[in-house]
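*Asks:* The structure that follows is given in the form of structure tokens.
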Amino acid sequence: MTAWHLTRQQLDDYADGRLDHAMAMSAEAHILDCPRCRAGVPADPAWIRAGWAELRDVVDRPRASLLERLLTRIGVHEAAARLLVATPMLYRAWLLAMVVVLGMALATAYNVNGGTLMFFSLAPVLPLVGVALAYGRWVDPAHEFTSVTPMAGQRLLFLRSLAVLVPAFALCLVTALLLPGHGPGWAPVAWLLPALSLVTGSLLLSRWVPLIMATGLTGTVWTGALVSTVLHHESRFAAAYLFTPPAQALYAVLLAALGTACIAARARRA
Amino acid sequence: MKLFRRARRVPDYDARSSDAELLSAIGAGAADALEILHRRHAPWLGARLRYRCADPDVVDAALQDAFLSIWRNARTFTPRTADGDAAAWIWTIAIRQLVSALRRRGNKWIGDAALESYEPVGDASAEDLVLVGIEHGPLGAALNNLSPELRLAIQATILDGLTVREAAQLLGVPEGTVKTRVMRAKARLREQLT
């Protein structure tokens with residue numbers, strides 16, 4: 001530590017850039033070591049305030065979670081990534097309910113004859129419930145606010161549905177893999193095509209009727225198909241007919257048609 | 001996740017805390033500590049950066065980036081002295097942010113190489129000691145007599161502790177030029193002092 005200190009005049013001159021070069025270098029070397037002189041360097045308080053206000057804007061922003069940063073990295077827009085990550089939080093109750101239902105389906109599958117079929121009949125409807133809860137006046141407490149954002153409407157609906165479907169499908173798939181093994185190798189994903197068809201159908205219908213009604217309709221269609229098949233064949237194992245290869249082909253065609261209709265409807269609007 | 005983050009204890013601090021204490025609070029996520037640090041260090045950092053770059057907007061941007069970098073990397077600070085003074089550490093961050101701010105601004109031909117670790121041309125600490133007392137001695141007059149190019153080369157490599165590459169980016173000249181200028185400046189100083 002040095003014994004001398006810069007004078008007030010020298011500090012003012014330094015801050016204004018008026019010191020000659022040797023003096024400025026000397027002052028800098030001294031200031032780096034001397035907290036007292038460092039504190040004496042004058043600065044415009046308004047400049048400090050403005051600088052801090054700008055910094056606080058960035059500093060106060062919550063840190064992006066790992067998943068969010070990953071999504072941004074692979075090219076998802078920042079706002080969309082935040083939305084995708086936050087949405088499952090909004091439906092935590094539904095996610096929990098889904099885990100409970102799937103757990104029970106698993107227990108049934110192991111303990112009741114034909115329990116596996118029950119899971120398959122259930123699996124296409126579970127993601128549908130999530131989609132039903134994703135958007136709309138009756139299910140979203142913040143609907144009044146979200147409806148006036150630029151993202152509202154079909155775009156928000158699609159994004160939220162996506163955020164709901166990913167965990168839903170993952171959970172269903174895990175459960176399906178844990179089921180007691182029967183049937184062909186593709187059995188664990190037999191529910192996937194009907195589920196996707198139902199969801200796509202609901203999204204398409206939601207252009208004309210409220211989403212909750214659209215999902216109700218498609219859900220009813222599925223239940224109707226299930227009940228009528230069982231009644232027609234007079235056996236509760238008849239539900240398996242809904243998952244045979246010909247039926248799967250039908251779902252694939254249906255899904256392609258619905259998907260095309262969805263995209264066409266979007267394109268026409270845009 | 002949030003539970004863990006909140007559970008991390010923020011050390012106590014106030015406006016009189018040392019830099020090291022403030023930085024450990026900043027590392028734990030205390031924005032107020034960053035405000036104290038900003039109020040304490042922004043004045044001299046701003047003044048010193050303005051001696052390196054004539055454009056006040058670039059200086060302000062570099063200063064903002066420096067404090068953001070401190071906010072993100074506060075935990076990497078290890079105090080060298082007993083009083084926990086972080087001025088030298090903060091200055092290193094600020095001058096490097098200035099270099100990259102100048103590079104971003106359109107000096108595209110310089111390239112995008114990452115900043116290198118310390119590799120000062122001279123032994124900075126020994127020459128700092130000389131610099132502290134030069135204002136009246138013969139060295140002061142000799143420094144003032146140097147041409148601006150030579151003086152800036154000395155300033156960037158010795159006083160600011162930049163690598164040759166960083167100094168080249170700051171001054172906007174090739175690396176080889178910086179090296180020859182530093183050598184010529186030292187020779188000129190030696191001439192005038194003997």
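The values are calculated or read from the model by the stated rules, or taken from the named source; none is laboratory data. Since the structure is predicted, the reported quantities are computational estimates derived from the model, not experimental observations. Backbone-built Cβ (ideal geometry, glycine too); neighbour counts: all protein chains shown. For the accessible areas, the whole protein counts, side chains as well, though only heavy atoms, and no ligand, DNA or RNA atoms are used. Shrake-Rupley method; radii C 1.70, N 1.55, O 1.52, S 1.80 Å.
*Asks:* Taking the stated definitions as given, is A:R137 among the basic types (K, R) and either touching an Asp or Glu at 6+ places or on another chain (Cβ under 8 Å) or within 14 Å of another protein chain (Cβ to nearest Cβ) (or both)?
*Replies:* no
*Asks:* Right, here's the next one. A:H21 - would you say it is facing another protein chain (nearest Cβ under 10 Å), open to solvent by 40 Å² or more (accessible area, probe 1.4 Å) and farther than 26 Å from B:S17 by Cα?
*Replies:* It is true that A:H21 is facing another protein chain (nearest Cβ under 10 Å), open to solvent by 40 Å² or more (accessible area, probe 1.4 Å) and farther than 26 Å from B:S17 by Cα.
*Asks:* Residues that are in contact (Cβ under 8 Å) with a residue 24 or more places away in the chain, assigned to a loop (DSSP other than H, G, I, E, B) and open to solvent by 20 Å² or more (accessible area, probe 1.4 Å): does segment A:157-177 have at least one?
*Replies:* No, segment A:157-177 has no match at all.
*Asks:* Can you name every residue in segment A:26-45 that is in contact with a Ser or Thr (Cβ under 8 Å, 6 or more places away or on another chain) and of a type outside the set (D, E)?
*Replies:* At the first step, the residues of segment A:26-45 found to be in contact with a Ser or Thr (Cβ under 8 Å, 6 or more places away or on another chain) are A:30, A:33-34.
Correct list: A:H30, A:C34.
*Asks:* A further question on this structure: Within segment B:56-83, can you find the residues that are assigned to a loop (DSSP other than H, G, I, E, B) and either open to solvent by less than 50 Å² (accessible area, probe 1.4 Å) or in contact with a Gly (Cβ under 8 Å, 6 or more places away or on another chain) (or both)?
*Replies:* Selection gives B:F77 alone.
*Asks:* Given the conditions (1) touching a residue at least 12 places away in the same chain (Cβ under 8 Å); (2) within 23 Å of A:L258 (Cα to Cα), report the number of the one that A:A239 does not fulfil.
*Replies:* Every condition holds for A:A239 apart from (2).
*Asks:* In segment A:45-74, which residues are open to solvent by less than 100 Å² (accessible area, probe 1.4 Å), more than 7 Å from chain B (Cβ to nearest Cβ) and under 26 Å from B:S18 (Cβ atoms)?
*Replies:* A:P45, A:W47, A:A53
*Asks:* Just one of A:S197, A:S147 is of a type outside the set (D, E) and buried (at least 18 other Cβ atoms within 10 Å of the Cβ); which is it?
*Replies:* A:S197
*Asks:* Please work out if A:T215 is within 24 Å of the chain's Cα centre (by Cα) and in the same structural domain as A:G114 (by TED's automatic domain parsing). Walk me through it before giving the result.
*Replies:* Details: within 24 Å of the chain's Cα centre (by Cα): yes; in the same structural domain as A:G114 (by TED's automatic domain parsing): yes.
Yes, satisfied.
*Asks:* What number of residues within segment B:145-162 are touching a Gly at 6+ places or on another chain (Cβ under 6 Å) and open to solvent by 20 Å² or more (accessible area, probe 1.4 Å)?
*Replies:* Our first condition is that a residue be touching a Gly at 6+ places or on another chain (Cβ under 6 Å); within segment B:145-162, this holds for B:158.
So of that shortlist, the ones also open to solvent by 20 Å² or more (accessible area, probe 1.4 Å) come out as none.
Selection size over segment B:145-162: 0.
*Asks:* For A:W208, only one of the following conditions fails: (1) within 21 Å of A:G153 (Cα to Cα); (2) open to solvent by less than 40 Å² (accessible area, probe 1.4 Å); (3) over 23 Å from the mean Cα position of the chain (by Cα). What is its number?
*Replies:* (2)
*Asks:* Also: In segment B:5-28, how many are within 22 Å of B:A82 (Cβ to Cβ) and either surrounded by 10 or more Cβ atoms within 10 Å (Cβ to Cβ) or at pLDDT below 80 (or both)?
*Replies:* Of the residues in that region, 15 qualify.
*Asks:* Which numbered condition trips up A:M104, out of (1) open to solvent by 30 Å² or more (accessible area, probe 1.4 Å); (2) farther than 30 Å from A:A247 by Cβ?
*Replies:* Here A:M104 clears every test but (2).
*Asks:* So which of B:L49, B:L63 ends up being within 10 Å of chain A (Cβ to nearest Cβ) and closer than 24 Å to B:R104 by Cα? Write out each step before concluding.
*Replies:* Values: B:L49 fails: within 10 Å of chain A (Cβ to nearest Cβ).
Only one candidate qualifies: B:L63.
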